[in-house]
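Below: one structure, written as structure tokens.
The values are calculated or read from the model by the stated rules, or taken from the named source; none is laboratory data. Quick caveat, the model's predicted, so the values are computed rather than measured. Cβ coordinates were reconstructed from backbone atoms using ideal geometry, including for glycine residues, and neighbour counts include every protein chain displayed.
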There are 2 protein chains.
Amino acid sequence: MDRLKIEVCVSPALFPYYENRDAIVVVTDILRASSAIVTAFMNGVERIIPVGTLEEAKAYKDKGYMVAAERDGIVRDFADFGNSPYNFTPERVRGNQIVYSTTNGTNAIQLASSGAQVLIGAYLNLSALAGHIREEGRDLLVLCAGWKNKFNLEDTLFAGALAQKVLEDQRYYTICDATLASIDLYAAARDNMMGYIEKVAQRHRLKKNNLDDVIGYCHELDLTDLIPALQGDSLVPVMNQ
Amino acid sequence: MDRLKIEVCVSPALFPYYENRDAIVVVTDILRASSAIVTAFMNGVERIIPVGTLEEAKAYKDKGYMVAAERDGIVRDFADFGNSPYNFTPERVRGNQIVYSTTNGTNAIQLASSGAQVLIGAYLNLSALAGHIREEGRDLLVLCAGWKNKFNLEDTLFAGALAQKVLEDQRYYTICDATLASIDLYAAARDNMMGYIEKVAQRHRLKKNNLDDVIGYCHELDLTDLIPALQGDSLVPVMNQ
């Protein structure tokens, strides 16, 4: 029986030390980029083009693309809208292509592109994602977008939730301390997630800008089976690849 | 009242994002460098010169210094001994200067030298260390040596133990997610530390080389009040500075 490895990388700055070209890399930025991307596909977006810099985003805007762009939670003036999942409404996104640039998440997606497959993970598609990974039968590396290369709790908790679900398949194992820590933190938080998430730094940042209305939504489980995957420079649903 | 900040940096590769020149930086490498350094001072070493590379360590050896040097747990052939705290016996170290180079710990010490004070932390000196930090009344940044820039559990658990003790002083606060995670992980582990530590990757590495005899010792609490501190390029006990 093949033994399949699970690792968690808690910051994009640590990705070079974990890189595994055979692995499926799941990028997560729970508050809010990966939750927003999954929501956009739920609402019918055709493709999302993640870009690292605001300059790239603005260049796309000048070419007529619809652009979502924020830094530190604040929508940029040239953009059509920002990073809240609630912005990606069916009226706006159905059948469209959207260029997207955020503080942490979109850079992490570009960084992850060395993996065998790059998927976008959120609580919203957790079970479908775990099922797909197990079907593919590949190693799993969860890349937490973090906050400006620092460790963050909300992404680490999600990494623990995903690792635990994939480990239910006996082919999978982990000897990665970050994975073990993530699983233990998720176990401590899961029965009172909204109480636990009260303390995380990103909640305070969002609250300061009245952007914390999405926190409950971003922790809802399994609203969709859609899994955004990187294909070339764009995200498309995994079923269409 | 001054508000004093606590942060935890889970990997040397993330240190640039946490750097705080006003902070006391506590470097920890529980299995085994920081436990060995504290033990050496308990046993009367005069000073320890931490060096990053084996080349530097060998150059000191050629000049007649006593040298402790290992990589991946294995003592190097030119060295007098390796990284086990049990190597730093009173017979060997009392009144001596020792040059020391390890896989993770000594590089982390050099990296930390931008802090206002650099101290070496282990369970062996935990309470004395927390007391000293509170007396100094400075911000605290705990730098985990990790494993080749990856997150490790045993250092993160210690960071949680230290953060929690320093937070008993009401002047201290934290909004750092890595600190909150460390505290929660330590809370999950503390009542059965040896059971918990069974799973960490470094325990498996040490066991493979029959070097795991020190794990219990490295988690003993408060065997000493001595606190090694960086002064120039050497570690000396903080009371002598």
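Among the residues in the range A:114-126, are any over 18 Å from A:D22 (Cβ atoms), part of a loop (DSSP other than H, G, I, E, B) and either touching a residue at least 40 places away in the same chain (Cβ under 8 Å) or among the hydroxyl-bearing types (S, T, Y) (or both)? Give the derivation first.
Of all residues in the range A:114-126, those over 18 Å from A:D22 (Cβ atoms) come to A:120-126.
Next, from what is left, pick out any that are part of a loop (DSSP other than H, G, I, E, B): A:122.
Next, from what is left, pick out any that are either touching a residue at least 40 places away in the same chain (Cβ under 8 Å) or among the hydroxyl-bearing types (S, T, Y) (or both): A:122.
Scanning the range A:114-126, I find at least one residue that is over 18 Å from A:D22 (Cβ atoms), part of a loop (DSSP other than H, G, I, E, B) and either touching a residue at least 40 places away in the same chain (Cβ under 8 Å) or among the hydroxyl-bearing types (S, T, Y) (or both), so the answer is yes.
Hey, can you tell me all the residues within the range B:82-100 that are under 14 Å from B:Y60 (Cβ atoms) and not in a loop (DSSP other than H, G, I, E, B)? It would help to see each step written out before you state the result.
If we filter the range B:82-100 for residues that are under 14 Å from B:Y60 (Cβ atoms), which is where we start, we get B:96-100.
Within the range B:82-100, B:Q97, B:I98, B:V99, B:Y100 meet the criteria.
Take A:T39 and tell me if it is surrounded by 16 or more Cβ atoms within 10 Å (Cβ to Cβ), touching a Cys at 6+ places or on another chain (Cβ under 8 Å) and either among the hydroxyl-bearing types (S, T, Y) or farther than 26 Å from A:L226 by Cα (or both).
Working: surrounded by 16 or more Cβ atoms within 10 Å (Cβ to Cβ): yes; touching a Cys at 6+ places or on another chain (Cβ under 8 Å): no; either among the hydroxyl-bearing types (S, T, Y) or farther than 26 Å from A:L226 by Cα (or both): yes.
When the stated conditions are applied, A:T39 does not pass them.
Examine the range B:112-130 for a residue that is within 18 Å of B:I24 (Cβ to Cβ), of a type in the set (A, V, I, L, M, F, W, C) and touching a Pro at 6+ places or on another chain (Cβ under 6 Å), and state whether such a residue exists.
Checking the range B:112-130: at least one residue is within 18 Å of B:I24 (Cβ to Cβ), of a type in the set (A, V, I, L, M, F, W, C) and touching a Pro at 6+ places or on another chain (Cβ under 6 Å).
Of everything in the range B:139-151, what is part of a strand (DSSP E or B) and surrounded by fewer than 24 Cβ atoms within 10 Å (Cβ to Cβ)? Give them in sequence order. It would help to see each step written out before you state the result.
Start the filter on the range B:139-151 by keeping residues that are part of a strand (DSSP E or B), which leaves B:140-144, B:147, B:150.
B:W147, B:K150 - these are the residues of the range B:139-151 that are part of a strand (DSSP E or B) and surrounded by fewer than 24 Cβ atoms within 10 Å (Cβ to Cβ).
Could you tell me which residue of the range A:150-170 is farthest from the other protein chains (Cβ to nearest Cβ), considering only residues that are more than 20 Å from B:K150 (Cα to Cα) and in contact with a Phe, Trp or Tyr (Cβ under 6 Å, 6 or more places away or on another chain)?
Looking at residues that are more than 20 Å from B:K150 (Cα to Cα) and in contact with a Phe, Trp or Tyr (Cβ under 6 Å, 6 or more places away or on another chain), I get A:V166.
This table checks each residue for (1) farther than 22 Å from B:T179 by Cα; (2) acidic (D, E); (3) out of contact with any Pro (no Cβ under 8 Å at 6 or more places or on another chain).
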{"residue": "A:L162", "(1), (2), (3)": "yes, no, yes"}
{"residue": "A:V166", "(1), (2), (3)": "yes, no, yes"}
{"residue": "A:A188", "(1), (2), (3)": "no, no, yes"}
{"residue": "A:I197", "(1), (2), (3)": "no, no, yes"}
{"residue": "A:R205", "(1), (2), (3)": "no, no, yes"}
{"residue": "A:K208", "(1), (2), (3)": "no, no, yes"}
{"residue": "A:G216", "(1), (2), (3)": "yes, no, yes"}
{"residue": "A:Q231", "(1), (2), (3)": "yes, no, yes"}
{"residue": "A:V236", "(1), (2), (3)": "yes, no, no"}
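Looking at the range B:172-184, I want the residues that are more than 10 Å from chain A (Cβ to nearest Cβ) and closer than 16 Å to B:L157 by Cβ and have a partner that is assigned to a helix (DSSP H, G or I) and among the basic types (K, R) with Cβ atoms under 6 Å, at least 6 apart or on another chain. Which pairs are those?
none
Suppose we keep only residues that are at the interface with chain A (Cβ under 8 Å from one of its Cβ atoms) and in contact with a Gly (Cβ under 7 Å, 6 or more places away or on another chain) within the range B:3-24. Which one would you say is surrounded by the most Cβ atoms within 10 Å (Cβ to Cβ)?
Across the range B:3-24, the extreme among qualifying residues is B:V10.
Mind listing just one residue for me: the one in the range A:185-195 that is in contact with a helix residue (DSSP H, G or I) (Cβ under 7 Å, 6 or more places away or on another chain) and surrounded by fewer than 22 Cβ atoms within 10 Å (Cβ to Cβ) and, of those, farthest from the other protein chains (Cβ to nearest Cβ)? So that I can check it myself, show each step before the final result.
Within the range A:185-195, the first condition is being in contact with a helix residue (DSSP H, G or I) (Cβ under 7 Å, 6 or more places away or on another chain), and the residues that meet it are A:185-186, A:188-189, A:194.
If we keep only those that are surrounded by fewer than 22 Cβ atoms within 10 Å (Cβ to Cβ) as well, we get A:186, A:188, A:194.
Working: A:Y186: 11, A:A188: 5, A:M194: 16 Å.
Filtering first and then ranking leaves A:M194.
With the range A:6-76 as the region, which helices (runs of 4 or more DSSP H) entirely inside it contain at least 1 residues that are more than 25 Å from A:S182 (Cβ to Cβ) and in contact (Cβ under 8 Å) with a residue 40 or more places away in the chain?
Working: elements: A:15-18, A:33-42, A:54-62.
It comes to A:33-42, A:54-62.
Looking at the range B:196-222 only, could you name the residues that are within 13 Å of chain A (Cβ to nearest Cβ) and under 17 Å from B:L124 (Cα atoms)?
Let us first name the residues in the range B:196-222 that are within 13 Å of chain A (Cβ to nearest Cβ), namely B:196-205, B:207-208.
Listed by number, the list holds a single entry, B:I197.
Test each condition in (1) modelled with pLDDT of 95 or more; (2) touching a Gly at 6+ places or on another chain (Cβ under 6 Å) for B:D225 and report the one that comes out false.
B:D225 satisfies every listed condition except (2).
Run down B:E136, B:E154, B:E198 and say which single residue is among the acidic types (D, E), buried (at least 18 other Cβ atoms within 10 Å of the Cβ) and more than 17 Å from B:A112 (Cα to Cα). If you could, list the steps in order and put the result at the bottom.
Working: B:E136 fails: buried (at least 18 other Cβ atoms within 10 Å of the Cβ); B:E198 fails: buried (at least 18 other Cβ atoms within 10 Å of the Cβ).
Checking each option against the conditions leaves just B:E154.
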